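J.: Following this message is one structure expressed as C-alpha cells.
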Amino acid sequence: MRRIAYLVVAAIVAASAGPAFAQAGMKMPMKMPMEGPAHFAATRQAYTKNHDFLVKLVTLPQPIPYEGYFDLRFAVYDGHHPAKPLTDADLTILAGMRHGLKHGFAHGMQSSPKVAKSNGEFTVSGMYFHMMGPWVLKMTVSEGGKEGVAYFRLPCCGK
Amino acid sequence: MTRGYFLAVIGGVAAAGLTIAVAAAAAPPGDPGHGFYTEDQLAAIYRHAPLGKLPPGPTDGVADNTAAATLGQFLFFDADLSGNGKVSCATCHQPAHAFTDGRSIAKGIALGTRHTPTVLNAAFNHWFFWDGRADSLWAQALQPLENPREAGGDRLHIVHLVAADTALARAYQQVFGPLPPLADRARFPAHARPDADPHAPLAVAWQAMAPADRTAVDRVYSNLGKAIEAYERKLVGGPAPFDTYVEGLRSGDAAKQRAISDAAKRGLRLFVGTANCDLCHSGPTFSDGQFHNLGLPLLPGETPDTGRADGIRLLRADIFNAAGPFSDDPAGPAKQRLEFLPAPASQLGAFKTPSLRNVAVTAPYMHDGRFATLRQVLDFYAQGAAASHGRLVGTREATANLVPHLTASQETDLIAFLQSLTGAPLPPALTEPPPRP
C-alpha cells in the first residue's frame, strides 16, 4: 500500500510540474544539451587509447581563466611501464568544446597553442577558452614509431 | 496504512502540486528574481552587467587624450578625407542609427561587401571588422579611409590635407608633435597609397617614394587613426534597462527589478538557459569576441566570403597591427593574441560574434545583413542544422546546433529581452560634427 501511495504521489507531482514549467515558458524535459559553467574535476591523467602512453597533467591554473591565455604542463610516460618517463616523445594538442568533438574540433579553440619541451616535460602555451562549459583536449603522443591519442576534460571556468 | 491516510497523502500532494503549477505560471519574474532563475542562470546574468570600465588601449598612446578625441571626432565627420569629398566615417556609422546605416550592405563611394557594424562600445573589442582583420580601433579606422568602396581616399591626400589646414595641423601637433616636412611634392606626391594591385597608379606612386618618406607618412596616418580611436572610445552606450534590472537583482531593489517586462525576464531566462544564446553572446558586451561559422547558406548571387580565414592573413600582413612599428605597445597583450592566432583554414566562413547591446536598433542582421528583423534571426537559429541547406562557405559550427527549437512565444520573449539591451542615448556633443578644431 505504501509503495502504491508513493507511486501515486510521484505521478501527481510529475503531472503538476510539467504544466507548471510549460506555462512558465520553460522547456521540460530539455531536449538540448545544456552548456554553461562546468562543475567537474579536470582529468589529471589519461592513457592513450592503445595504452602505449600515459599522459599526466602536471600543472593547471585554478581556476582556468575565462577568455584569457593560460599554460598547461604535461609529462608523458610509457603506458606499459608508467614509472618510466618518455622525454623524447612528441606531443600535439587540439582543443575544443565537447559538443564540437565529433566534428574534429572545427571552430574549436580560437588559438593555436605552442608546445615547448623542457626537462622532460611539455609546456603548452596559448590555451584560451572563450566559452563556458566542458572542454576537451585531444593529445596526440608519438615516440619510437608509435602514436596514440589521449583525451582530457577541463572545466571552464568557474562562476 | 489506512485508506484515510492514503487519501490524505494524495490530497495534500495534489494541492502542493497545484500550488507549484500556479506559482510557476504566475510567478512575477522579478519577485525578487532569485527564485525565477537557477543558480547558474543568475551567475550568468551577473556576468552580463554592468558593461564595466573601458579596457585600456595600450597600442594607442593617446587613447584617452581629450585633445586627440576632439581631433578624432572632427576627422570622423570630415568627408574631405574621402576620394570624392562626400563620404566620411559617419556616412556608414550614423549616430541617428546607433552608429550603423540601416542598410543590408554598406555603401560608401560604391556598394561594399558586408553589413556595417556599430562603433558603439567598439572599444571593448579585441578584433575589428566582421573578419577580425584589425586588432585595434585605430588600425581599423585607417582601412575604410582607403578602401575604394568606402571612403576611397589615400593617405598622401589625407596627410597633405591635415598639414595644409592651419587649424587641423595645429590640433595634430598639439597631440602628436611636429608634422614632417611634406611640401616637396617630388618626395610626397599629392596622392598615393599601398594597393593590392601593384600596378594601380596610386600604388605605383607609393612605391616610388623613398622608404623613409613612406614611413613618415605612415606615422602621421597612424596618428590620425589613433585620434579617431580616442573619439570612438567615448562612444560607450549608457545603461540599458537590462543593466538597471540586474542592479535590482543584486540589491533587491524592487523598483529596479521592474525595469524590464515580464516577457523580457522570461526571454532572459531562455537566453542564459535552455536556448544557450550566451555561449557565444557572453559577457558584458554580449559577445565572446570570437568568430563562428553559423552555416549561413549563400544567397542568390552572393559572392562567397571567407570571413576570418582571410582576416587572419590580412591582419598578419598589416603594418598597423598591434605588434607592428606604429604600435605604442608592440610587446603588450595584443602581441600575444597575434602569436596564437588560429590556422586560417580552421576559420573559413567564420565571422565575429556581434555585441547584442543596442541590437534592437541596429537592424538588419548578420555579416551580410540578410535578416531584416530579430524574429528572422531567431527563426534561423531555431531551425537548427536544417537552416544550413544550400551552398556554404566552410563548415557550420556545432555550437549553432545547441539552440533548441523555439516556439513563437519564446521568440517573442527573447525579442522583448533583446529590446531591453538598448542603452541610453549619448549626449549630442558626441553625436554631432564638432566645430573645426
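The values are calculated or read from the model by the stated rules, or taken from the named source; none is laboratory data. In this text, all values refer to a predicted model and were calculated from it rather than measured experimentally. Cβ atoms come from the backbone with ideal geometry, glycine included; neighbour counts cover every protein chain shown.
J.: Can you name every residue in the stretch B:51-69 that is buried (at least 18 other Cβ atoms within 10 Å of the Cβ), within 20 Å of the chain's Cα centre (by Cα) and within 17 Å of B:Ala139 (Cβ to Cβ)?
T.: B:Gly57, B:Thr59, B:Asp60, B:Ala63
J.: To continue, here is another question. Of all residues in the stretch B:344-356, count the ones that are within 14 Å of chain A (Cβ to nearest Cβ) and either surrounded by fewer than 20 Cβ atoms within 10 Å (Cβ to Cβ) or not in a helix (DSSP H, G or I) (or both).
T.: Residues in the stretch B:344-356 being within 14 Å of chain A (Cβ to nearest Cβ) and either surrounded by fewer than 20 Cβ atoms within 10 Å (Cβ to Cβ) or not in a helix (DSSP H, G or I) (or both): 8 in total.
J.: All but one of (1) in contact with an Asp or Glu (Cβ under 9 Å, 6 or more places away or on another chain); (2) modelled with pLDDT under 50 hold for A:Gly36; which doesn't?
T.: (2)
J.: Within the stretch B:386-400, does at least one residue satisfy the condition of being modelled with pLDDT under 95 and of a type in the set (D, E, K, R)?
T.: Yes, because at least one residue in the stretch B:386-400 is modelled with pLDDT under 95 and of a type in the set (D, E, K, R).
J.: Among the numbered criteria (1) within 16 Å of A:Arg44 (Cβ to Cβ); (2) crowded, with 21+ Cβ neighbours inside 10 Å; (3) touching a Gly at 6+ places or on another chain (Cβ under 7 Å), which one does A:Met97 miss?
T.: (1)
J.: Restricting to the stretch B:140-191, give me the number of residues that are of a type in the set (A, V, I, L, M) and farther than 22 Å from B:Ala212 by Cβ.
T.: Going through the stretch B:140-191 one residue at a time, the tally reaches 7.
J.: Can you find a residue in the stretch A:133-148 that is within 11 Å of another protein chain (Cβ to nearest Cβ), touching a Lys or Arg at 6+ places or on another chain (Cβ under 8 Å) and not in a loop (DSSP other than H, G, I, E, B)?
T.: Among the residues of the stretch A:133-148, at least one is within 11 Å of another protein chain (Cβ to nearest Cβ), touching a Lys or Arg at 6+ places or on another chain (Cβ under 8 Å) and not in a loop (DSSP other than H, G, I, E, B), which makes the answer yes.
J.: Is there a residue being surrounded by 16 or more Cβ atoms within 10 Å (Cβ to Cβ) and part of a helix (DSSP H, G or I) anywhere in the stretch B:183-194?
T.: no
J.: Spot the failing condition for B:Gly311; the list is (1) assigned to a loop (DSSP other than H, G, I, E, B); (2) more than 10 Å from chain A (Cβ to nearest Cβ), and only one is missed.
T.: The one condition B:Gly311 does not meet is (1).
J.: Hey, any hits in the stretch B:319-334 for a residue that's within 22 Å of B:Tyr365 (Cβ to Cβ), more than 10 Å from every other protein chain (Cβ to nearest Cβ), in contact with a helix residue (DSSP H, G or I) (Cβ under 6 Å, 6 or more places away or on another chain) and not hydroxyl-bearing (Ser, Thr, Tyr)?
T.: no
J.: Can you tell me which residue in the stretch B:417-437 is nearest to the other protein chains (Cβ to nearest Cβ), limited to those that are in a helix (DSSP H, G or I) and crowded, with 20+ Cβ neighbours inside 10 Å?
T.: Among residues in the stretch B:417-437 that are in a helix (DSSP H, G or I) and crowded, with 20+ Cβ neighbours inside 10 Å, the one nearest to the other protein chains (Cβ to nearest Cβ) is B:Phe417.
J.: Since B:Gln419 meets every condition but one in (1) in contact (Cβ under 8 Å) with a residue 12 or more places away in the chain; (2) over 21 Å from B:Phe271 (Cβ atoms), which condition does it not meet?
T.: Evaluating B:Gln419 over (1) in contact (Cβ under 8 Å) with a residue 12 or more places away in the chain; (2) over 21 Å from B:Phe271 (Cβ atoms) leaves (2) as the failure.
J.: Related question: Which residue pairs have Cβ atoms closer than 8 Å, lie 6 or more positions apart in sequence or on different chains, and pair a first residue in the stretch B:396-409 that is facing another protein chain (nearest Cβ under 7 Å) and in contact (Cβ under 8 Å) with a residue 40 or more places away in the chain with a second residue that is surrounded by 19 or more Cβ atoms within 10 Å (Cβ to Cβ) and among the β-branched types (Val, Ile, Thr)?
T.: Qualifying pairs under 8 Å: B:Pro404/B:Thr274.
J.: Being assigned by TED's automatic domain parsing to the domain that holds A:Met139, of a type in the set (D, E, K, R) and not in a strand (DSSP E or B) is the requirement here; does A:Lys49 meet it?
T.: On the way: assigned by TED's automatic domain parsing to the domain that holds A:Met139: yes; of a type in the set (D, E, K, R): yes; not in a strand (DSSP E or B): yes.
Here the answer is yes, as A:Lys49 does meet what is asked.
J.: Among (1) more than 7 Å from every other protein chain (Cβ to nearest Cβ); (2) at pLDDT below 75, there is one condition A:Arg2 misses while meeting the rest; what is its number?
T.: All conditions pass for A:Arg2, except number (1).
J.: Something else about it: Answer with yes or no whether B:Pro354 is out of contact with any strand residue (DSSP E or B) (no Cβ under 6 Å at 6 or more places or on another chain) and at pLDDT below 95. So that I can check it myself, show each step before the final result.
T.: Numbers: out of contact with any strand residue (DSSP E or B) (no Cβ under 6 Å at 6 or more places or on another chain): yes; at pLDDT below 95: no.
So B:Pro354 fails the test.
J.: Let me ask something else about it. So which residues in the stretch A:113-132 are within 16 Å of B:His292 (Cα to Cα) and in a loop (DSSP other than H, G, I, E, B), if there are any at all? Spell out the reasoning first.
T.: In the first step, residues of the stretch A:113-132 are kept if they are within 16 Å of B:His292 (Cα to Cα); the result is A:128-132.
Matches in the stretch A:113-132: A:Phe129, A:His130, A:Met131, A:Met132.
J.: Here is a further query. Collect the residues in the stretch B:387-416 that are among the acidic types (Asp, Glu) and either part of a helix (DSSP H, G or I) or not assigned by TED's automatic domain parsing to the domain that holds B:Ala360 (or both), keeping them in residue-number order.
T.: B:Glu411, B:Asp413, listed by residue number.
J.: OK, next. Looking at A:Tyr77, A:Tyr66, which one is at pLDDT 90 or above and closer than 30 Å to B:Gln290 by Cα?
T.: On the way: A:Tyr77 fails: closer than 30 Å to B:Gln290 by Cα.
Sole residue among the options that is at pLDDT 90 or above and closer than 30 Å to B:Gln290 by Cα: A:Tyr66.
J.: Still on this structure: What single numbered condition from (1) buried (at least 20 other Cβ atoms within 10 Å of the Cβ); (2) within 30 Å of B:Ala263 (Cα to Cα); (3) over 22 Å from the mean Cα position of the chain (by Cα) fails to hold for B:His48?
T.: B:His48 satisfies all of (1) buried (at least 20 other Cβ atoms within 10 Å of the Cβ); (2) within 30 Å of B:Ala263 (Cα to Cα); (3) over 22 Å from the mean Cα position of the chain (by Cα) except (3).
J.: In addition: State the number of residues belonging to the stretch B:357-395 that are within 14 Å of chain A (Cβ to nearest Cβ) and not β-branched (Val, Ile, Thr).
T.: 8
J.: Would you call B:Leu71 over 15 Å from B:Ala122 (Cβ atoms) and in the same structural domain as B:Gln143 (by TED's automatic domain parsing)?
T.: yes
J.: Being surrounded by fewer than 22 Cβ atoms within 10 Å (Cβ to Cβ) and either among the aromatic types (Phe, Trp, Tyr) or touching a helix residue (DSSP H, G or I) at 6+ places or on another chain (Cβ under 7 Å) (or both) is the filter here, so list the residues in the stretch B:147-161 that pass it.
T.: B:Leu161
J.: If you don't mind, there's one more thing I want to ask. Could you check the stretch B:242-269 and list, in sequence order, the residues that are closer than 15 Å to B:Phe286 by Cα and of a type outside the set (Lys, Arg)? Please lay out each step first, then the result.
T.: Of all residues in the stretch B:242-269, those closer than 15 Å to B:Phe286 by Cα come to B:242-243, B:246, B:267-269.
B:Phe242, B:Asp243, B:Val246, B:Gly267, B:Leu268, listed by residue number.
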